[in-house]
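Engineer: Here's a structure for you.
The values are calculated or read from the model by the stated rules, or taken from the named source; none is laboratory data. Keep in mind it's a predicted model, so treat the numbers as computed, not measured. Quick reminder, even Gly has a Cβ in these numbers, built from the backbone with ideal geometry, and neighbours come from all protein chains shown.
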Amino acid sequence: MSIEDVIEECKLFYFAGSETTSSLLHWTTVMLSIHQDWKTRAREEILQFFGKNEPTVNGLNRLKIVNMILYEVLRLYTPIPMIARSSIKKVKVGNLTLLVGVHVLLLIGLLHYDQTIWGEDVNEFKPKRFSDGISKATKAQFSFIPFSSDPRICIVQHLAMIEVKMALAMILQKFSFELSPSYLHAPF
């Protein structure tokens, strides 16, 4: 890999990371504005851990309610709408046989809105579905992939989550926010 390639990869990490974290923070503040009860619970948890002090990484990793909220926002408003891949060998998937070079698109929204996995309330903001972690929420199925999946999982997903938790914690410590009365929720 040339130095130019490394520089381009670094730019990609920076810009892709900025876009996804800003999207997650945007939708989180929108959802918390709509669901004031969850905003109150998140604020109480943050104040319980940090008071008015600056949040710490160790503390951020222990925020259960904030994590539940962020996972639910990632499920509903995934920053990466699809994953594109090409088959490198002939492979059978169910009844289909994919030949070498076939392009495959995995629409993440289809997984994140699948009623057989998430239940009848799939379209509702319900952070509680993540109260026992991702594995329980998905019934141990491969169905929650806001950061893609191995071997191509986003290598900075943990940094992105810490950034969003830090920003959200600082916002909830110091500010109150609500939606404009003229806001019309139409995310798609």
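Engineer: Tell me which of these residue 43 doesn't satisfy, since it passes every other one: (1) over 30 Å from residue 176 (Cα atoms); (2) in a helix (DSSP H, G or I).
Structural biologist: Answer for residue 43: the failing condition is (1).
Engineer: Does the stretch 25-32 contain at least one residue that is outside any helix (DSSP H, G or I) and either surrounded by fewer than 12 Cβ atoms within 10 Å (Cβ to Cβ) or modelled with pLDDT of 95 or more (or both)? Please lay out each step first, then the result.
Structural biologist: Residues of the stretch 25-32 outside any helix (DSSP H, G or I): none.
No - not one qualifying residue is present in the stretch 25-32.
Engineer: Quick one: which of 87, 131, 135 is under 28 Å from residue 52 (Cβ atoms), out of contact with any Pro (no Cβ under 8 Å at 6 or more places or on another chain) and of a type outside the set (D, E, K, R)?
Structural biologist: 131
Engineer: While we're on this one: Since residue 177 meets every condition but one in (1) among the hydrophobic types (A, V, I, L, M, F, W, C); (2) touching a residue at least 12 places away in the same chain (Cβ under 8 Å); (3) outside any loop (DSSP other than H, G, I, E, B), which condition does it not meet?
Structural biologist: So the condition that residue 177 fails would be (3).
Engineer: Tally time: how many residues in the stretch 50-101 are among the aliphatic types (A, V, I, L, M), surrounded by 14 or more Cβ atoms within 10 Å (Cβ to Cβ) and not in a helix (DSSP H, G or I)? Quick ask: steps written out before the conclusion?
Structural biologist: Going through the stretch 50-101, the residues among the aliphatic types (A, V, I, L, M) turn out to be 57, 60, 63, 65-66, 68-70, 73-74, 76, 80, 82-84, 88, 91, 93, 96, 98-100.
Imposing the further condition that a residue be surrounded by 14 or more Cβ atoms within 10 Å (Cβ to Cβ) reduces the set to 60, 63, 65-66, 68-70, 73-74, 76, 80, 83, 98.
From the residues that got through so far, the ones that are not in a helix (DSSP H, G or I) too are 63, 80, 83, 98.
Here the count works out to 4.
Engineer: Under 6 Å between Cβ atoms, at least 6 apart or on separate chains: pull out the pairs that start in the stretch 17-29 with a residue that is under 13 Å from residue 159 (Cα atoms) and end on any residue that is at pLDDT 95 or above and aromatic (Phe, Trp, Tyr).
Structural biologist: Cβ pairs passing all conditions: none.
Engineer: Mind listing just one residue for me: the one in the stretch 97-117 that is among the hydroxyl-bearing types (Ser, Thr, Tyr) and out of contact with any helix residue (DSSP H, G or I) (no Cβ under 9 Å at 6 or more places or on another chain) and, of those, nearest to residue 81 (Cα to Cα)?
Structural biologist: First pass over the stretch 97-117, keeping only residues among the hydroxyl-bearing types (Ser, Thr, Tyr): 97, 113, 116.
Cutting the leftovers down to out of contact with any helix residue (DSSP H, G or I) (no Cβ under 9 Å at 6 or more places or on another chain) gives us 97, 116.
Details: 97: 25, 116: 20 Å.
Only one residue tops the list, namely 116.
Engineer: Moving to a separate point now. Could you say which residue among 124, 120 is out of contact with any helix residue (DSSP H, G or I) (no Cβ under 7 Å at 6 or more places or on another chain), under 20 Å from residue 33 (Cβ atoms) and either outside any strand (DSSP E or B) or of a type in the set (Gly, Ala, Ser) (or both)?
Structural biologist: Values: 120 fails: under 20 Å from residue 33 (Cβ atoms).
Of 124, 120, the one residue that is out of contact with any helix residue (DSSP H, G or I) (no Cβ under 7 Å at 6 or more places or on another chain), under 20 Å from residue 33 (Cβ atoms) and either outside any strand (DSSP E or B) or of a type in the set (Gly, Ala, Ser) (or both) is 124.
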